[in-house]
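The values are calculated or read from the model by the stated rules, or taken from the named source; none is laboratory data. Owing to the predicted nature of the structure, the values given are computational and were not obtained by experimental measurement. Positions of Cβ are generated from backbone atoms using ideal geometry, with glycine treated the same way; all protein chains shown enter the neighbour counts. Remember, those area values only see protein heavy atoms, side chains included, never the ligands or the DNA or RNA. Shrake-Rupley method; radii C 1.70, N 1.55, O 1.52, S 1.80 Å.
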Amino acid sequence: MSAEAINSFSVANALQDGSKPVREGEELDLTRLEPYLRSQLPDLGGALVVTQFPSGHSNLTYSVSLGEKEMVLRRPPFGSKVKSAHDMGREYHVLAKLHAAYPTPKPLIYCTDESVLGAPFYVMERVRGVILRRNLPPELKLPPQTARKLSESFIDNLAALHSLDYTALGLGELGKPQGYLERQVRGWMERYQGSKTHELPEVEPLSAWLREHMPAHSDATLVHNDYKFDNMVLDASDITRIKAVLDWEMCTLGDPLTDVGAALAYWVDPDDSEEMQTVRWGPTNNPGMLRRAELAQRYAEKTGRDLSGIIFYYVFAMFKLAVIIQQIYYRYFHGFTKDERFATLGEVARTLMKVGLSASQKTGL
């Protein structure tokens, strides 16, 4: 192997998303898990090794290996109040139907026996690759032309999801598209009340604006509901190629523009305010990346959908994201998790509410 090839291999290996020792309080009962896995995968030998993927704020994700077989186990967080947001059976079902038509990991096992780990869980094959988070890893060089192609792939892949025939895939019963948007808005307002720890003055005016500006009608597609860079695995040898989209626990049938709004809410432009930069979820402000308005325009061109009212979906996504963060903070605040990453999430929720309220007074992205 040439020196250049060795260096390329080393860089790609360094960019692979890795796991770490399991966090305190989130350990799995290996005395129950190991015999269960061996009963379901009898052809696999070798020792059981379990570590944890350290990122992510919702369902807990573990690296599970039996010998040379690499897998990923997903289970709900300990102490969560919102079981509908952590439906393992739903996520497994979606993956089983989608895997042949869309880049997703292959599901292997779904366990409903709570005596094994105290909650339902599922196991899927591991897809190795790069997962981009807030900042680019130092090993990854992303020139502007590559960044642009990556952001194009990002939005094109979302448009591709929304073009799938969900009935033909066997996902026609996944949700109830009629009244989807109204239920979403009402439901996330209720979830905020159920996870409130402090009074946030932005909540009431933002809620009122959403009720007053809700679109009357929309079409229906599969929606991922949390589409962003750190929910996708990229090819280490071609960072612009998406190998798999992860985290399908909130997938349903509904208004595709809620997906677009969510993607835009995670997307921070380089000249956005310092306040917005603090809630950036990916390297979206890297030179060459499409801006939010350009992402929306490209999606409209790819799908033919009217995005003239996209500001509502962007504001709603900010509100929803703030509530999700608040739900996670609620678990930390009440001692259900000891993960110190969550200690400042109460302030993050308020920042997102403020950004959403400010965006509601504007006409563009």
For the chain, the dipole about the Cα centre with charges only on Cβ (Lys and Arg +1, Asp and Glu -1), to the nearest 20 debye, works out at 120 debye
Farthest towards the positive end of the dipole of the chain, among TRP248, GLN327, THR61 and with Cβ unit charges of +1 on Lys and Arg and -1 on Asp and Glu, lies the Cα of GLN327
Residues of region 249-273 with amide N under 19 Å of a point placed 7 Å along Cα→Cβ from ASP306 = 255-261
Student exercise, region 257-336 dipole from Lys, Arg, Asp, Glu Cβ charges, in Debye to nearest 20 | 320 debye
Report the extension gain between GLU114 and THR146 in nm, rounded to one decimal, defined as 0.36 nm multiplied by the number of residues separating them, less their alpha carbon distance.
-> 7.0 nm
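How much length is gained if the chain between GLU275 and ASN135 is pulled fully straight, taking 0.36 nm per residue apart and subtracting their Cα-Cα distance, in nm to one decimal? Working shown, then result.
Details: separation 140, 0.36 × 140 = 50.40 nm, distance 1.65 nm.
Contour length minus the Cα-Cα distance gives 48.7 nm.
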Lys/Arg +1, Asp/Glu -1 at C-beta; the chain dipole; positive extreme among LEU307, GLY194, GLY356 = GLY194
Report, in order of residue number, the helices in the chain meeting two criteria: a C-alpha extent of 20 Å or more along the helix axis, and a mean Kyte-Doolittle hydropathy of at least -1.0; treat each whole DSSP H run as one helix.
-> 144-162, 310-333, 345-359
So if we plug the beta-carbon distance of GLN193 and LEU164 into 1/(1 + (r/R0)^6) with R0 = 35 Å, what FRET efficiency do we get, rounded to 0.05?
-> 0.50
Roughly how many Å² is the accessible area per residue of the chain, as a whole number, for a 1.4 Å probe?
-> 45 Å²
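Roughly to the nearest percent, how much of the accessible area of the chain is carbon and sulfur, given a 1.4 Å probe? Intermediate values should be presented prior to the final figure.
On the way: 8300 of 16430 Å².
About 51 percent, which is the carbon plus sulfur part of the accessible surface.
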